[in-house]
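Notes to accompany the following structure.
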Amino acid sequence: MKQLIFNFIKRALLLPALVAGLALAAVLYLGQAQVTESQSKLSPAAPGTFSLAGYNETEYTKFSELADGDLVATMSGEDFGLSERAVCYDAATEDISVETPSSEPWNSGALLVTGTDAQLRAMYNAAVGDTLTLNFPEHGEYRYTVKQIVVGVHREELTGYMAPGTLCLASPYNDLSAAAQPNIYILFIAAQA
């Protein structure tokens with residue numbers, strides 16, 4: 001009789017409690033994994049050691065003196081976690097690139113800078129009022145304050161946002177509803193501080 005009562009208790013109480021406990025543990029584990037994953041996507045990249053080794057550092061006073069892929073500046077954004085990055089001239093490579101018709105900031109010029117989603121992912125954390133710093137060898141540091149963020153700009157429209165003393169930083173935007181138009185960007189428009 002005791003064995004019968006024990007089997008009843010085991011099947012009626014212990015087994016469902018064990019299954020419920022395992023299910024709860026699985027839900028908590030999976031929930032924690034998703035929270036950790038989403039936090040890592042929003043967390044700024046840890047700044048690493050940045051080196052200009054491998055970049056062609058040409059002395060210049062005008063961008064027109066540079067060859068494709070030459071180093072123009074380094075860029076960083078401490079407010080939102082953009083670690084220091086190289087910015088090259090009309091780079092046909094995977095580097096962040098100053099695009100034509102950009103002109104020099106020391107001549108009150110406007111800059112159009114583009115990069116890949118992976119290079120500029122920290123920009124997703126940027127907000128109006130945040131600061132970007134560009135350090136030009138031989139020409140010093142220029143600081144820009146984000147004034148506007150525009151989503152859904154077509155590549156051919158990017159130059160229309162350029163004005164003297166501005167930095168237009170464009171990052172590709174994947175709009176799933178516009179799969180036929182892959183050249184859509186998020187544009188961060190910043191004024192010289």
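Other residues whose C-beta falls under 15 angstrom from the C-beta of Thr133 contribute a net charge of -3, scoring Lys and Arg +1 and Asp and Glu -1.
Taking the Cα centre of segment 63-192 as reference, the dipole from Cβ charges on Lys and Arg (+1) and Asp and Glu (-1) amounts to some 420 debye.
Label zone (Thr61, point 7 Å along Cα-to-C-beta; backbone nitrogen cut-off 20 Å) within segment 72-93: 72-73. Across segment 129-139, coupling constants 3J(HN,Hα) worked out from phi with the 6.51/-1.76/1.60 Karplus curve, θ = phi - 60°, read x, 6, 10, 10, 10, 10, 10, 9, x, 6, 10 Hz, and Gly and Pro carry x.
Most tightly packed first, judged by the mean number of other beta-carbon atoms within 10 Å of their residues, the peptides 51-59, 122-130, 95-103 read 95-103, 122-130, 51-59.
Any read-out appearing in this document is the output of simple, stated calculations on the displayed coordinates, not a laboratory observation. Keep in mind it's a predicted model, so treat the numbers as computed, not measured. Cβ sites come from the backbone with ideal geometry, for glycine too, and all protein chains shown count toward neighbours.
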